[in-house]
Each structure stands twice: as C-alpha cells, then as structure tokens.
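S.K.: Would you mind keeping the following structure in view while I ask a few things?
Just so it is clear, none of the values below were taken in a lab; they were calculated from the coordinates. Values in this document were obtained by computation on a predicted structure and should not be read as measured data. Neighbour counts run over all protein chains shown; Cβ positions are idealised from the backbone, glycine included.
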Amino acid sequence: MNPILGIDFGQARIGLAISDELRLLAHPLETIPANKNPGKRIAEIVRDRKIEKVVIGIPRHMSGEIGDAAKRALKFATELRGEVSCPIETWDERLTTVAANRALTAAGKKTKETRNFVDQVAAQMILQGYLDRARLTAEIERTD
C-alpha cells in the first residue's frame with residue numbers, strides 16, 4: 001500500500017505527517033511555511049513519495065460548527081485538489097494542536113523549541129486518528 005499524507009493547516013505554518021506503508025502508524029514529516037506556495041511543496045511530496053491520499057484536518061468548534069479556521073482549511077483543501085493527483089479527504093481535528101503542545105510539554109520540550117515541530121505532531125495526530133478509524137471500520141466490515 002502507498003502511504004497517506006496528513007496535513008495540519010495553519011495560517012503561518014502547515015504541518016505534515018506521513019503513514020508507514022502498512023498504514024498502522026503516522027510519523028511527523030515536515031513543517032512548511034503557509035505563505036510560500038505550500039501546494040507546490042505538497043504536490044512534490046505526493047509525487048515523490050507516491051502518496052495515495054491526503055487527509056486535511058478541519059478544526060471545528062467543540063459544538064461541531066465551522067468557524068473561520070475551518071473555512072480557511074476547507075478553502076485550502078479545495079485549492080490543493082487542483083494541484084495533486086490523489087484524493088483529498090477532510091478529518092475533524094478538534095484540539096489536535098492543543099494536544100500536540102501538551103504532549104511536547106510533557107516530554108520536557110520548551111515552547112520555543114517546539115514551534116516548528118508542533119505542527120508536525122498535530123498532523124501526526126490527525127493522520128493517526130484517521131488511520132485508526134480506517135482500521136476499525138475495516139475490521140467491523142470483515143466481521144459482518
């Protein structure tokens with residue numbers, strides 16, 4: 001199986017994570033600036049790593065409503081569809097950046113040290129949630 005790319009979209013930085021070939025684990029990949037044609041860099045990664053699918057986190061409010069940040073992520077997803085040759089899916093990613101910051105702080109990392117890495121960890125959490133759900137869905141379908 002080809003890997004899946006996870007994206008944590010932000011106005012300043014975009015975190016990327018990639019699955020292993022078995023799609024069991026997500027791994028941090030890189031952080032790219034949001035203002036320097038990120039679609040081009042993502043398209044390069046999709047092509048070079050033979051990505052089968054891209055999963056973009058959509059930061060909904062806790063109520064499930066779509067706010068400004070989610071609208072920007074959805075707009076980015078629409079634009080990215082014109083630049084990559086694989087399917088793009090969205091994934092509810094409420095509080096993943098908060099969880100990533102907490103995980104890094106718990107690991108003894110200072111905020112300044114984690115500024116660029118936190119977006120990759122958030123992307124990793126988005127992608128891991130997607131992979132876990134896909135695996136669970138496949139298991140349920142096999143038992144039916």
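S.K.: Asn2 to Ala138: extension gain in nm, 0.36 nm per residue of separation minus the Cα-Cα distance? Numbers along the way, then the final one.
M.R.: Working: separation 136, 0.36 × 136 = 48.96 nm, distance 1.70 nm.
Stretched fully, the Asn2-Ala138 segment lengthens by 47.3 nm.
S.K.: Can you put His61, His27 in order of Cβ neighbours within 10 angstrom, beginning with the fewest? Mind dumping the intermediate values first?
M.R.: Values: His61 11, His27 15.
Lowest count first: His61, His27.
S.K.: Let me ask another. Cut-off is 10 Å between beta-carbons; in what order do Asp48, Asp92 appear when sorted fewest neighbours first?
M.R.: Asp48, Asp92
S.K.: In which sequence would Met1, Met125 go, from the one with the fewest C-beta neighbours within 10 Å to the one with the most? Please report the intermediate quantities before stating the final value.
M.R.: Values: Met1 9, Met125 24.
If I rank by nearby Cβ atoms, fewest first, I get Met1, Met125.
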